[in-house]
Amino acid sequence: MDVSGEVKSARDMGLVACTRCTRVWPAGTRSCARCGQWLHPREPLSLQRVWAWWSLGLIAYVPANLYPMLETRTLVSTQDNTIVGGAVEIAGHGSWGIAAVILTASVLIPIGKFLAVAGLALSVAHGSHVSRTRRQQLYEVVEYIGRWSMIDVFVVAILSALVQLGAVVSISPGPASLFFAVSVIATMLSAQSFDSRLLWDGPDPSPAPRSRLA
Amino acid sequence: MSDTPSDPRASAPGAGSGLASTRVEGRAEACVAGSVPDADLASLIACPQCDAVYRAVQPAPRARAVCARCHTVLIAPHRQAGQRLIAVALAVVVLIGAATLTPFLRVEAGGMSNATSVLGAALAFSARPMLMALTLAVAALIVFVPVLRALLILYVLTPIVLDRPPARHARAAFRLSEALRPWSMAEVFAIGCAVALVKISDLAQVEFGPAFWMFSALVILIVVQDTFMCRYSVWTSLEK
């Protein structure tokens, strides 16, 4: 790790790297002859695309919370549940653990992703006190978690396909499921649009980045 | 392009002049490149995450070459990775095919019962016109994309494993397979089944069909696939 000061980027060496197959080419090469990927020293308009998808994700996240996610019909009643409403109801039955899991997966993690992507994009534009390694780790976590948020939509699909017990009880999906899926997909595209090489172009918050992280 | 060796710790075997050793795991070695004539570019490797350039040194099987500054795994060869990936891809196609059509969960309450298949879960959104798009999206994410990806991997890797020249358009096929990777969500769906079961366990009696266990196996298979897939090795094989 002591050598990180001497590591040179492809751009500094007058080269352009392929982000798909890791081959390097002389600067100015248009496409990778190994895998066919278009080559850019840094993705053009990376941050603009990040913010565009980010905004769509955030806008879709609002109706995803306002409309019902599930509609449950029983013999005696019809009930619409929003994401938070459903968790509150489950907590009311005494299942605090499940309610906490639902709130974490459907509320804390999506909001955390919005904050993380915005923070990363802002750090590229304005600099940051967080070390580049730590921001890279944050980016990888966001990229990894992104697809797992679709689990809410799948749960709605399974529940409404399964619980069709005539007059006894039946569950059908609410409009929020569509908005939630759009929000998750837009957030994934936002994270994918982010060119993490931009993180490494800026200086590290020296002199001792690791000790400042506490 | 005129670097001189500056690091006294430089000690990588196989390194030319102007190189320093980087962080490695196991016996893997990747080296910082110094001055490089164009003809040598093929021997270099750039970290896709942070753009750092190294001289690629093939690590021993099961060892990994790791980027010195962002710790991204660059090269991770495994013995017989090709055969294993082919086996996993075949299993994925069979499992998803079977799980899509056979009922995989069954509930019972108040004398009524109902069962659903994976395709049924996707079709749950088709009851409302507004949610039709979700039916297509869910079917794509949990059935079509994972199967297509497995078929592409079979198409690309089979000739390589058999020591034949790469299949026609193998590079485009592998590129598509890589682009589809984040959108292949069969294992997310499998975990979603578990969550759904917890949610309805107090509402109704639940029975697992065979397809439920198939999807559970799928989660493990996808982990195996990610472990054995060394993109660098595949791309260099396709280059020959």
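Given the options A:L122, A:L70, A:L103, name the one that is among the aliphatic types (A, V, I, L, M) and closer than 28 Å to B:A46 by Cβ.
Only one candidate passes the filter, namely A:L122.
Based on this model, can you work out whether B:S117 counts as of a type in the set (S, T, Y) and either under 25 Å from A:T19 (Cβ atoms) or touching a strand residue (DSSP E or B) at 6+ places or on another chain (Cβ under 6 Å) (or both)?
No; evaluated as a whole, the condition is false for this residue.
Restricting attention to region A:22-32, which residues are over 15 Å from B:R171 (Cβ atoms) and not in a loop (DSSP other than H, G, I, E, B)?
Residues satisfying the conditions are A:V24, A:W25, A:P26.
Which condition from (1) touching a residue at least 24 places away in the same chain (Cβ under 8 Å); (2) in a helix (DSSP H, G or I); (3) of a type outside the set (A, V, I, L, M, F, W, C) is the one that A:H129 breaks?
Status for A:H129: all satisfied but (2).
When you check A:L103 against the structure, is it surrounded by fewer than 13 Cβ atoms within 10 Å (Cβ to Cβ), over 13 Å from the mean Cα position of the chain (by Cα) and aliphatic (A, V, I, L, M), yes or no?
Working: surrounded by fewer than 13 Cβ atoms within 10 Å (Cβ to Cβ): no; over 13 Å from the mean Cα position of the chain (by Cα): yes; aliphatic (A, V, I, L, M): yes.
No, not satisfied.
Have a look at A:L75, A:L70 and point out the one that is closer than 30 Å to B:L203 by Cα, touching a Gly at 6+ places or on another chain (Cβ under 8 Å) and among the aliphatic types (A, V, I, L, M).
Only one candidate qualifies: A:L70.
For A:C35, only one of the following conditions fails: (1) outside any helix (DSSP H, G or I); (2) away from every other protein chain (no Cβ under 11 Å); (3) over 22 Å from A:S183 (Cβ atoms). What is its number?
Result: A:C35 fails condition (2) only.
From the set of residues in region A:139-158 that are of a type outside the set (V, I, T) and under 13 Å from B:T72 (Cα atoms), which is surrounded by the most Cβ atoms within 10 Å (Cβ to Cβ)?
The extreme case among them is A:Y139.
Any idea which residue in region B:150-182 is surrounded by the fewest Cβ atoms within 10 Å (Cβ to Cβ), counting only those that are in contact (Cβ under 8 Å) with a residue 60 or more places away in the chain and within 25 Å of A:M150 (Cβ to Cβ)?
B:L151
When you scan region A:106-129, do you find a residue that is within 9 Å of another protein chain (Cβ to nearest Cβ) and surrounded by 18 or more Cβ atoms within 10 Å (Cβ to Cβ), even just one?
Taking every residue of region A:106-129 in turn, none turns out to be within 9 Å of another protein chain (Cβ to nearest Cβ) and surrounded by 18 or more Cβ atoms within 10 Å (Cβ to Cβ).
Which residues, taken from region A:172-191, are more than 7 Å from chain B (Cβ to nearest Cβ) and part of a helix (DSSP H, G or I)? Let's see the steps before the verdict.
Looking only at region A:172-191, we keep the residues that are more than 7 Å from chain B (Cβ to nearest Cβ), and these are A:174, A:176, A:179-180, A:182-187, A:189-191.
Listed by number, the residues that qualify are A:A176, A:F179, A:F180, A:V182, A:S183, A:V184, A:I185, A:A186, A:T187, A:L189, A:S190, A:A191.
Starting from region B:98-112, keep only residues that are under 15 Å from A:S160 (Cβ atoms) and facing chain A (nearest Cβ under 8 Å), then list their pairs with residues that are open to solvent by 30 Å² or more (accessible area, probe 1.4 Å) and in a helix (DSSP H, G or I) whose Cβ atoms are within a distance under 8 Å, requiring at least 6 positions of separation or different chains.
Filtered contacts from region B:98-112: no entries.
Which residues, taken from region B:109-144, are open to solvent by 20 Å² or more (accessible area, probe 1.4 Å) and among the hydrophobic types (A, V, I, L, M, F, W, C)?
Selection gives B:M112, B:A115, B:L119, B:L123, B:A127, B:M130, B:M132, B:A133, B:L136, B:A137, B:A140, B:F144.
Among the residues of region B:207-222 satisfying the criterion of being within 13 Å of chain A (Cβ to nearest Cβ) and at pLDDT 80 or above, which is most open to solvent (accessible area, probe 1.4 Å)?
B:V219
Go through (1) buried (at least 16 other Cβ atoms within 10 Å of the Cβ); (2) part of a helix (DSSP H, G or I); (3) at pLDDT 90 or above one by one and return the number of the condition A:V16 breaks.
Exception for A:V16: condition (2).
Within region A:63-92, restricting attention to residues that are in a helix (DSSP H, G or I) and touching a residue at least 40 places away in the same chain (Cβ under 8 Å), which residue is surrounded by the fewest Cβ atoms within 10 Å (Cβ to Cβ)?
A:L66
Among the residues of region B:55-93, which ones are more than 8 Å from every other protein chain (Cβ to nearest Cβ), crowded, with 21+ Cβ neighbours inside 10 Å and without any contact (Cβ under 8 Å) to a residue 40 or more places away in the chain?
Answer for region B:55-93, where residues must be more than 8 Å from every other protein chain (Cβ to nearest Cβ), crowded, with 21+ Cβ neighbours inside 10 Å and without any contact (Cβ under 8 Å) to a residue 40 or more places away in the chain: just B:P59.
Only one of these is out of contact with any helix residue (DSSP H, G or I) (no Cβ under 8 Å at 6 or more places or on another chain), modelled with pLDDT under 90 and in a helix (DSSP H, G or I): A:S206, A:S211. Name it.
On inspection, the qualifying residue turns out to be A:S211.
Yes/no matrix, rows are residues, columns are (1) among the acidic types (D, E); (2) part of a helix (DSSP H, G or I):
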residue: A:L138; (1), (2): no, yes
residue: A:Y144; (1), (2): no, yes
residue: A:D152; (1), (2): yes, yes
residue: A:V155; (1), (2): no, yes
residue: A:S170; (1), (2): no, no
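From the set of residues in region A:192-208 that are hydroxyl-bearing (S, T, Y) and more than 7 Å from every other protein chain (Cβ to nearest Cβ), which is surrounded by the fewest Cβ atoms within 10 Å (Cβ to Cβ)?
Result: A:S206.
What is the one condition in (1) in a loop (DSSP other than H, G, I, E, B); (2) at the interface with another protein chain (Cβ under 9 Å from one of its Cβ atoms) that A:P44 does not satisfy?
(2)
The values are calculated or read from the model by the stated rules, or taken from the named source; none is laboratory data. Everything quoted here is computed from the prediction, not taken from an experiment. Cβ atoms come from the backbone with ideal geometry, glycine included; neighbour counts cover every protein chain shown. All accessible areas refer to the heavy atoms of the entire protein, side chains included, with ligands and DNA or RNA removed. Shrake-Rupley method; radii C 1.70, N 1.55, O 1.52, S 1.80 Å.
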